[in-house]
Amino acid sequence: MYNPQLNAQGQLQHLLSIEGLPKRILNDILDTAENFVGVAEREVKKVPLLRGKTVCNIFFENSTRTRTTFEIAAKRLSADVLNLNVSTSSQSKGETILDTVNNLIAMHADMFVVRHQQSGAAHFIAQHVPPHISVINAGDGRHAHPTQGLLDVFTIRKYKPEMHNLRVAIVGDVLHSRVARSEIHALTTLGVPEIRVIAPRTLLPTDVEKLGVQVFHNMEQGLKDVDVVMMLRLQNERMSGALLPSSQEFFQTFGLTPERLALARPDAIVMHPGPMNRGVEIDSAVADGKQSVILPQVTYGIAVRMAVMAILGGGNAA
Amino acid sequence: MTLPDPEQLLEHLYQQLKPRIQDQTVLVGIYTGGVWLMERLLHRLQAELGRDIPHGKLDAAMYRDDYAQRGLKTAAQPAQMPFDVNAKHIILVDDIFYTGRTTRAVMNELFDHGRPASVQLAVLINRGGAQLPIRPDMVGADLPLLAHQSYELAMNTQGRLHLSIAESTPLANKGATTHV
């Protein structure tokens with residue numbers, strides 16, 4: 001099956017979505033990331049793999065956290081980094097996406113990290129760039145956020161290496177979450193047998209069962225005996241109309257409290273892609289508790305993004 | 001060509017290595033064969049000297065000069081350097097010395113961990129063909145080899161070393177995991 005992310009040899013050319021990527025490529029990325037975890041602990045926090053390359057972070061939608069982690073990852077690979085916050089510059093002056101991209105190509109950029117509020121924007125750019133340039137999707141609309149999905153499964157693999165024996169619950173605003181979609185594809189591809197989504201009906205896509213997940217509308221039932229609890233951010237900025245009565249009511253029904261977490265397995269880990277709405281999705285006692293791996297997720301996110309860039313930047317030899 | 005017993009070469013290497021061990025000496029094996037050799041040498045040194053010797057492991061993958069052509073070897077092993085590199089006398093251990101490019105890559109990585117007092121190189125076999133001003137300080141044997149051939153060191157489940165020669169065409173050799 002044709003996949004625009006792979007070249008004719010089946011190697012990774014762009015990272016646009018987890019969907020359709022073979023297990024071997026996901027494992028290559030995760031295995032490569034293992035090598036980068038220790039780089040941050042050294043006296044010189046750099047390796048020379050992308051020395052002389054230019055990585056452009058093109059963010060049509062604001063995201064300080066994701067942009068920062070991509071920037072750190074590229075710099076730890078010794079790349080030169082350009083950060084373009086396009087929403088406040090050229091686009092507002094009437095320039096099209098392709099005008100922006102063409103200018104960066106003319107400046108001899110080697111890799112584009114793209115975030116856009118419209119689904120498919122990264123695919124669109126990937127189809128336009130010459131073969132020596134790779135595109136990484138850093139989040140497009142409700143569609144995909146593949147590096148977040150990969151860093152989540154990397155974190156799970158660190159704490160729960162037996163992936164074929166896990167029960168994972170994804171909780172909250174699945175409807176607006178490109179993260180949830182990427183996580184589900186990654187977990188499914190890597191052989192996680194049971195993935196649950198827990199959310200009110202108004203925050204679930206109509207076809208969510210087709211992704212191979214079990215649907216729960218009740219936290220107490222959905223969290224029972226799970227190994228991983230993955231909380232999602234309530235994306236109020238993406239909601240139009242009254243999908244929820246109030247954030248307080250959401251917390252009462254779907255917030256992760258210590259009492260609810262006790263229903264999961266005693267060694268269950270708690271994850272959140274950030275930024276957290278404390279008291280809305282998650283209680284501070286859980287977010288800062290001993291089962292939380294939310295900060296390690298951030299650390300591993302840099303290693304995973306380094307792995308993706310290193311694989312794409314190295315003659316596509318994954 | 002009759003190949004020597006690598007166990008005898010290792011004994012020869014050990015005899016050169018032992019007098020060089022000082023208080024601040026640490027051993028660093030280069031994946032994969034160099035790590036096997038380093039662990040064998042370390043085990044014997046620690047037994048005979050009656051003390052622990054700090055040791056580490058490095059993989060040259062992230063510092064190779066042919067990354068742009070070959071990409072990143074995903075089977076690369078994470079570096080393990082559980083000691084302060086600064087002011088240490090480092091002895092790098094590798095199995096085969098060929099062009100010197102692996103040694104250069106490993107030294108670059110080593111200096112990103114700190115500033116050692118000195119760096120020496122111990123190899124089981126020097127096959128000739130150095131392309132850089134880098135030479136091993138301790139050698140199990142000098143055994144020249146044709147360009148289309150490569151030595152392959154293996155270790156069986158009992159930990160015994162075995163040496164063989166692999167033949168390759170120049171084209172096939174381009175992307176192979178040869179020792180360089």
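The values are calculated or read from the model by the stated rules, or taken from the named source; none is laboratory data. None of these values were measured; they are calculated from a predicted model. FYI the Cβ positions are ideal-geometry reconstructions off the backbone, even for glycines, and counts take in every protein chain you see.
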Report summary line: Residues in the range A:271-315 that are away from every other protein chain (no Cβ under 14 Å) and either without any contact (Cβ under 8 Å) to a residue 40 or more places away in the chain or over 18 Å from residue A:64 (Cβ atoms) (or both) total 20
**Report entry** residue A:162 vs. criteria more than 21 Å from the chain's Cα centre (by Cα), closer than 30 Å to residue A:294 by Cβ and not β-branched (Val, Ile, Thr)
**Finding:** yes
Query raised in the report: Can you tell me which residue in the range A:1-21 is nearest to residue B:78 (Cα to Cα), limited to those that are in a loop (DSSP other than H, G, I, E, B) and within 14 Å of another protein chain (Cβ to nearest Cβ)?
Result: A:11
Requested in this report: For the range B:150-165, name all the residues that are over 14 Å from residue B:95 (Cα atoms) and free of Cβ contacts under 8 Å to residues at least 60 places away in the same chain.
Outcome: B:156, B:157, B:158
Query raised in the report: If a residue has to be of a type in the set (A, V, I, L, M, F, W, C), at pLDDT below 95 and within 18 Å of residue A:301 (Cβ to Cβ) to count, how many in the range A:52-71 make the cut?
Result: 1
Requested in this report: Considering (1) facing another protein chain (nearest Cβ under 7 Å); (2) in a helix (DSSP H, G or I), say which one residue A:26 fails and leave the rest.
Outcome: (1)
Query raised in the report: Going through the range B:1-40 one residue at a time, which ones are of a type in the set (Val, Ile, Thr) and outside any loop (DSSP other than H, G, I, E, B)?
Result: B:25, B:26, B:28, B:30, B:35
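Has the range B:98-118 got any residue that is within 11 Å of chain A (Cβ to nearest Cβ), β-branched (Val, Ile, Thr) and more than 14 Å from residue B:21 (Cβ to Cβ)?
Of the residues in the range B:98-118, the ones within 11 Å of chain A (Cβ to nearest Cβ) are B:105, B:108-115.
Filter again for β-branched (Val, Ile, Thr), leaving none.
No, the conditions are met nowhere in the range B:98-118.
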Report task. Could you tell me which of the residues A:105, A:58, A:97 is hydrophobic (A, V, I, L, M, F, W, C) and under 26 Å from residue A:152 (Cα atoms)? Result -> A:58
Query raised in the report: If we keep just the residues of the range A:83-126 that are acidic (Asp, Glu) and part of a loop (DSSP other than H, G, I, E, B), which is modelled with the lowest pLDDT?
Result: A:95
Requested in this report: Among residues belonging to the range A:29-51 that are within 8 Å of chain B (Cβ to nearest Cβ) and more than 14 Å from residue A:306 (Cα to Cα), point out the one that is modelled with the highest pLDDT.
Outcome: A:44
Report task. Could you run through the range B:53-79 and say how many residues are more than 8 Å from chain A (Cβ to nearest Cβ) and surrounded by fewer than 18 Cβ atoms within 10 Å (Cβ to Cβ)? Result -> 4
Query raised in the report: Which of the following residues is buried (at least 24 other Cβ atoms within 10 Å of the Cβ), over 14 Å from the mean Cα position of the chain (by Cα) and in the same structural domain as residue A:71 (by TED's automatic domain parsing): A:112, A:124?
Result: A:112
Report task. Among the residues of the range A:250-297, count how many are at pLDDT below 95 and in a helix (DSSP H, G or I). Result -> 5
Report summary line: Taking the range B:132-167 and keeping residues among the small types (Gly, Ala, Ser) and under 17 Å from residue B:40 (Cβ atoms) leaves B:140, B:141, B:154, B:159
Query raised in the report: Within the range A:127-138, how many residues are surrounded by 15 or more Cβ atoms within 10 Å (Cβ to Cβ), of a type in the set (S, T, N, Q) and closer than 10 Å to residue A:5 by Cα?
Result: 1
Query - Among (1) in contact with a Gly (Cβ under 9 Å, 6 or more places away or on another chain); (2) within 14 Å of chain B (Cβ to nearest Cβ); (3) at pLDDT 90 or above - the single one residue A:318 does not satisfy - result: (3)
Query raised in the report: For the range B:85-108, how many residues meet the condition of being among the aliphatic types (A, V, I, L, M) and in a loop (DSSP other than H, G, I, E, B)?
Result: 2
**Report entry** residue A:136 assigned to a strand (DSSP E or B) and at pLDDT 95 or above
**Finding:** yes
Query - Matching residues in the range A:168-182 - criterion: being at pLDDT 95 or above and within 27 Å of residue A:307 (Cβ to Cβ) - result: A:168, A:169, A:170
